[in-house]
Amino acid sequence: MPRLPAATLTMDRLAITHPLDHVSPLVAGDLTASVAHRTVLELRGDSTTLAEHCPGLLPTVPNRTTPHDHWRALWLRPNGWLLSGAPETPDDASWPELRRAEAEGLCRLLDLSHARVCINLRGTATTAMLAKGTPLDLRPHRFPQGHCARTWCAGFTVLLDRVADGIDVYVDSSLAVAFWDWLEDAAVEWRST
């Protein structure tokens, strides 16, 4: 079998892109869905040890969040949290105490920024629209600001975070386009209002 010249075996460099770079904000009546670019880390470590070394930084109650100036800590499971911050903020400014704890071997920080997509949903129809896909009671008195929950929505595993301006939905990046398509379909009834 003849060999091909090396020049014909080159491959273009792969570019890292966001799966929802192509979408515009979804506006349907009093409902807005937009992609919220975030730096997303998963923190794993012993909750008792971290509470001693980094008091007040992490939620200690299941399904709660702890807000900070440039980032939020969301409870995922015992000894596991999701850290979500603005992408333009350097790690040192966002979570320096946790970086020090990692350097001391007290925890591990895993960058999931390319594995998770955050979609912010705002408006009075947010709860009703998500209710089409999830059994979780999202009414504000049952799921107030500062609460988070892992659940399923329209067949997708998601993490919901009630924030001041709505609900942030974290979904696996490999499923983000399909979830966005579901959001567009679920929002149809609010488009005519």
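What follows is calculated from the coordinates using simple rules that are stated; it is not laboratory data. This one's a predicted model, so the numbers in the text were calculated from it and none came from an experiment. Cβ: placed from backbone, ideal geometry, glycine included. Neighbour counts: every protein chain shown.
In table form, for the structure just shown:
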read-out	value
L106, L57 arranged by Cβ crowding within 10 Å, fewest neighbours leading	L106, L57
Pair A86, D181: separation of 7 Å Cα→Cβ label points (nm)	3.5 nm
Backbone N under 14 Å from the R64 label point (7 Å along Cα→Cβ), restricted to region 153-170	none
With at most 13 other Cβ atoms within 10 Å, longest stretch of the chain clear of loop GluC sites (Glu not before Pro) (DSSP)	105-193
Net charge of neighbours whose Cβ lies under 12 Å from the Cβ of A178, counting Lys and Arg as +1 and Asp and Glu as -1	-4
Among C118, C148, C107, residue whose mean-square fluctuation peaks in a GNM of the chain (springs only between Cα atoms under 10 Å)	C107
Approximate spin-label separation H37-L106, in nm, with each point projected 7 Å along Cα-to-Cβ	3.3 nm
Environment charge at T127 (Cβ cut-off 15 Å; Lys +1, Arg +1, Asp -1, Glu -1)	-1
Calculated mean projected area of the Cα convex hull in nm² (choose from [x] 9.8; [y] 15.8; [z] 11.0), label	[y]
